Structure formats: structure tokens, C-alpha cells
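S.K.: Have a look at this one.
Bear in mind these aren't lab numbers, they're just calculated from the coordinates by the rules spelled out. What you see is a predicted model; the values in this text were computed from it and never measured. Using ideal geometry, Cβ is built from the backbone for each residue, glycine included, and neighbour counts are taken over all protein chains shown.
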Amino acid sequence: MKHRRGFNPLERMAAHRKAMVRNMMTSLFNKERIKTTKTKALEVRRFAEKLITRAKVDSVHNRRIASGRLYDEGIVAKLFNDIAPRMKERNGGYTRIIKLGKRYGDAAEVVILELVDYKLDSEKNSAESDAKKKKGEKNVKSA
């Protein structure tokens, strides 16, 4: 039975599991979107959401806790200066899991774990290209 199990051990030793979760959280905050298995994503989401909630209040104590859970100080700065202000009005649910299907080799469920307000690169590029087109139209009209 699965009563009162606090976490999924992921068939790893404690040090390996903690290092893997730290690495995946660092990658998630850096790229804002990662591709992984469903069980790993569910486990990483628990820690990532708690860290984002903590980052919403910018204090020395919270920054030290975040830097103890992430590998890179630049990512800690990005979490507090960029990601947390975007999530300020949300009360939770900062990440989403999108199912992709089964992996070919071992039939593990593969998912995308991403931040809720993640924008695809194509959407960013299309917005930038639209802005460039508008600038180009202004230059053509003035000529």
C-alpha cells in the first residue's frame, strides 16, 4: 500500500535523487521548459513550485534557501528578478505538464514540464518580426 509516502524515491539513492532534482530545477528555471519522464516531472514540480512561492518575497533568507537548492547563482537571480514577479498574482500552479506519449526504448511516458507563462520561441520571433515589419513600413512611407 502507498499510505503516507512522502515522495517518490525514483529507484535512486538519496544523494543521486537530490542532485537530479537540483539539476532539473536549475534547467527548468534557466530554459523555462524541459522534456523529461512523467514521474521525474511530478517530483521536480513539487520542489520548483515551493521555490517559486518563496521567491515571490525577495529577502536575504529566501535567496539563501534558493541558492542552496539551485546550482547557479545566475539562475537564482533570474528566479527572483524575472520569474517570481511574473507569478506575483498567481496563488500556485506555476508549472504545467504536457504529455507527449511513450518513449520508444522503454515505453516510459515522456512529458514537457514548463512554466505556465512560457512563450514558444516561434511566438517571440513572430512578435519581433512584426515589430521590424512595422518599422520597415514607417521607413518606406517616409522615403
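S.K.: Using Cβ counts within 10 Å as a stand-in for footprinting exposure, how do MET1, MET87, MET20, MET13 rank, fewest first?
M.R.: MET1, MET13, MET20, MET87
S.K.: Still on this structure, please answer the following. Under the Karplus relation 6.51 cos²θ - 1.76 cosθ + 1.60, θ = phi - 60°, what is the ordered set of whole-Hz ³J(HN,Hα) values for region 96-101, x standing for Gly and Pro?
M.R.: Residue by residue, region 96-101 yields 9, 10, 10, 7, 10, x Hz.
S.K.: I've got another one for you. With a point put 7 Å past each Cα toward its Cβ, work out how far LYS31 is from SER67 in nm, to one decimal.
M.R.: In this crude label model, LYS31 to SER67 measures out at 2.6 nm.
S.K.: While we're here: Could you list the residues of region 61-86 with an amide nitrogen less than 20 Å from a label point located 7 Å from the Cα of ALA15 in the Cα-to-C-beta direction?
M.R.: 68-72
S.K.: Which value in Å does the Kirkwood hydrodynamic radius of region 1-116 take, with 1/r averaged over all unlike C-alpha pairs and then inverted?
M.R.: Final number for the Kirkwood radius of region 1-116 is 14.9 Å.
S.K.: If I take R0 = 30 Å and measure r between the Cβ atoms of TYR118 and MET1 in this structure, what FRET efficiency does the formula 1/(1 + (r/R0)^6) give, to the nearest 0.05?
M.R.: 0.20
S.K.: Rank these for me by crowding, LYS40, LYS35, going from fewest to most other beta carbons within 10 Å.
M.R.: LYS35, LYS40
S.K.: How much length would be gained if the chain were fully extended between ASP106 and LEU42, taking 0.36 nm per residue of separation minus their Cα-Cα distance, in nm to one decimal?
M.R.: So the chain would gain 21.2 nm between ASP106 and LEU42.
S.K.: Then there is this: What is the order of LEU115, LEU42, fewest Cβ neighbours within 10 Å to most?
M.R.: Ordered from fewest to most neighbouring Cβ atoms within 10 Å, LEU115, LEU42 come out as LEU42, LEU115.
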